[in-house]
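Everything on this sheet refers to the single structure shown next.
Just so it is clear, none of the values below were taken in a lab; they were calculated from the coordinates. Computed from a prediction, not measured in an experiment: that's the story for all the values here. Positions of Cβ are backbone-derived with ideal geometry, glycine not excepted, and every protein chain shown enters the neighbour counts.
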Amino acid sequence: GNSVTQMEGPVTLSEEAFLTINCTYTATGYPSLFWYVQYPGEGLQLLLKATKADDKGSNKGFEATYRKETTSFHLEKGSVQVSDSAVYFCALSDLQGAQKLVFGQGTRLTINP
Amino acid sequence: NAGVTQTPKFRILKIGQSMTLQCTQDMNHNYMYWYRQDPGMGLKLIYYSVGAGITDKGEVPNGYNVSRSTTEDFPLRLELAAPSQTSVYFCASSYPGTEFSGYTFGSGTRLTVV
């Protein structure tokens, strides 16, 4: 079945550092890929998405490129801020039937000033 | 723009008690979902629905029941609460179609079973 594997956390960085959170997936066909962010005490919010190979999703300075050859969708940001501290989830959907999302385990990111 | 509304936000149950977690969306989304989030485990799908009167089991349905009598509402029922059901529960909705853009999530219900 479909699955998503994220890099283990927690990740702690200093402000203005470069961020990479790795995400790889296993799926049949051509899934859509997503990154969600969860701020403390809140629900998940869609951060960015990509629907086909070589697509780049971007939002709020974050980027991720759909790499079919390596089955990866790594999240990057060039200069992180304290306000980026949150839990980040990679997810996929094969868009079949009920469009169910399969999530990775989440990566907790803490940015220190 | 209420989006997806979940109630209550917090609840403590004793073992064997029952409760219903409420979920309402005002976006006319056909698809709705219930997930549970355990620490370090990501989100696991409990039940989902593709429209009023249609529900189906997800990955971890045991101990739960759902109903979907209207497009707007998708309550989750716990009949005999167990400590293993201590978790954070999220309801979500989406609109079907070729331009699927992911889910809209509620803010969650934190449930503790003691």
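Once Rh is set to the Kirkwood radius over Cα pairs, what Stokes-Einstein translational diffusion coefficient, in µm²/s, holds for segment A:33-113 at a temperature of 4 °C and a viscosity of 1.567 mPa s?
Numbers: Rh = 13.3 Å.
D = 97 µm²/s.
Rounded to two decimals, what ratio of Rg to Rh does segment B:1-53 give with C-alpha atoms and a Kirkwood Rh?
Answer for segment B:1-53: 1.00.
If Rh is defined by the Kirkwood formula over all Cα pairs and Rg also comes from Cα, what ratio Rg/Rh do you get for segment B:18-114?
Working: Rg = 13.0 Å, Rh = 13.6 Å.
Here the Rg-to-Rh quotient is 0.95.
Placing unit charges on C-beta atoms (Lys and Arg positive, Asp and Glu negative, everything else neutral), compute the dipole magnitude of the protein assembly as shown about its Cα centre in debye, rounded to 20. The partial results should precede the final answer.
Numbers: 18 positive and 19 negative charges, 104 e Å.
In debye, rounded to 20, the protein assembly as shown gives about 500.
Roughly how far apart, in whole Å, are the Cα centres of segment A:51-76 and segment B:8-66?
Taking the Cα centre of each part, segment A:51-76 and segment B:8-66 sit 30 Å apart.
Quick check for me: using +1 on Lys/Arg Cβ and -1 on Asp/Glu Cβ, what's the dipole size of segment A:16-113 about its Cα centre, in debye to the nearest 20? Write down the numbers at each step before the final one.
Numbers: 9 positive and 9 negative charges, 33 e Å.
Computed charge dipole of segment A:16-113: roughly 160 debye.
For the cross-link pairs B:Lys14/B:Lys57; A:Lys68/A:Lys100; A:Lys52/A:Lys100, which exceed 23 Å when the distance is taken from alpha carbon to alpha carbon?
B:Lys14/B:Lys57
Checking the cross-link filter: which aspartates and glutamates have an alpha carbon closer than 20 Å to that of B:Lys9, excluding same-chain neighbours under 8 positions apart?
Of all the aspartates and glutamates, those that pass the test against B:Lys9 - Cα under 20 Å, at least 8 places apart if same chain - are A:Glu42, B:Asp26, B:Asp38, B:Glu72, B:Asp73, B:Glu79.
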